[in-house]
Structures are given as C-alpha cells and as structure tokens.
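A short write-up of the structure that comes next.
Nothing in this text is a laboratory measurement; each read-out follows from the coordinates by a stated rule. What you see is a predicted model, and the numbers here were worked out from it, not measured in a lab. Cβ: placed from backbone, ideal geometry, glycine included. Neighbour counts: every protein chain shown.
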Amino acid sequence: MNPDTRACIAYVAGCVISGKTPHEVIDKAREVRLRVKGAVKGTVVEVFDYERNCKLMGTLPTLFDFGADMALTLEISGKNFSGHDKHVEHHFAGTVEARHVKLHDYDEARDFHYELGEV
C-alpha cells in the first residue's frame, strides 16, 4: 500500500476508535508528522491530507483516496480494524490503543506504527 494512504487509514481508524480528531498523525517508520484536517463523524469520513494536498473521504466501509486515485474499504470492530486496498488487491488490519495505531499491511507483510497527535 502507498505509505501516504496507509498513514491516512491509520489516522481514520484511530479517529473512529478513539473518538478524537487530532490535526496530525506521526508515521513512526518514516519518522514524519503528517498534517491532516477534517472530520470523522460516525461512519462519514472527510479528511484532507496537507502533505499530498488531497482528500480521503467516503462512508464507512467504503472510502476513496483522491491522492492515490483508489478505492478501499475500512471496517471497525471494537479496537480493531481491517480493510482492503483495491489498488494492489491486498488486505490490511490493525489495532488502536489510546493514541497508538498498529497497522499490518499484508502487501508488504509487516507492521507499521503510528501515533495520533494531541487534540
């Protein structure tokens, strides 16, 4: 999965599960802070990614990443989430604990770690 899309998915999953909407997500693998703005209200998602100057939006479980020009799914169950990247036809899954998000990308066969910024 595209690293920017992966970070946005981690952000959305973290927002839905934690109920908070911070203005950044920290990508631990790339050691970067990604500025984001938008709303995650119930199942409606509209997030603006300042790094790519694009939106990730839709109604869960169906989302569209305008920066990568791809559709994906994201399903939430308690503190867990899973989904499907329709661009590369691979799944991802993860968990959220407080501000920490772990996302396993089956395309790359590894875990990625993120942290939601302060609200």
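What is the number of the single condition among (1) part of a strand (DSSP E or B); (2) touching a residue at least 40 places away in the same chain (Cβ under 8 Å) that E75 does not meet? Here E75 meets the rest and fails (2). Screening R30 against (1) part of a strand (DSSP E or B); (2) surrounded by fewer than 17 Cβ atoms within 10 Å (Cβ to Cβ) leaves a single unmet condition, (1). Scanning the range 100-117 for residues that are within 22 Å of K37 (Cβ to Cβ) and out of contact with any Lys or Arg (no Cβ under 8 Å at 6 or more places or on another chain) yields H100, V101.
A residue that is assigned to a loop (DSSP other than H, G, I, E, B), within 13 Å of M1 (Cβ to Cβ) and among the β-branched types (V, I, T) can be found somewhere in the range 87-94.
The set of residues in the range 38-90 that are acidic (D, E), touching an Asp or Glu at 6+ places or on another chain (Cβ under 9 Å) and over 22 Å from H104 (Cα atoms) contains only E51.
Residue by residue, here is whether (1) assigned to a loop (DSSP other than H, G, I, E, B); (2) surrounded by 21 or more Cβ atoms within 10 Å (Cβ to Cβ) holds:
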{"residue": "M1", "(1), (2)": "yes, yes"}
{"residue": "T5", "(1), (2)": "no, yes"}
{"residue": "P22", "(1), (2)": "yes, no"}
{"residue": "V25", "(1), (2)": "no, yes"}
{"residue": "A39", "(1), (2)": "no, no"}
{"residue": "M57", "(1), (2)": "no, no"}
{"residue": "F81", "(1), (2)": "no, yes"}
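R35 - would you say it is out of contact with any Ser or Thr (no Cβ under 8 Å at 6 or more places or on another chain), surrounded by fewer than 15 Cβ atoms within 10 Å (Cβ to Cβ) and assigned to a loop (DSSP other than H, G, I, E, B)? In short, no.
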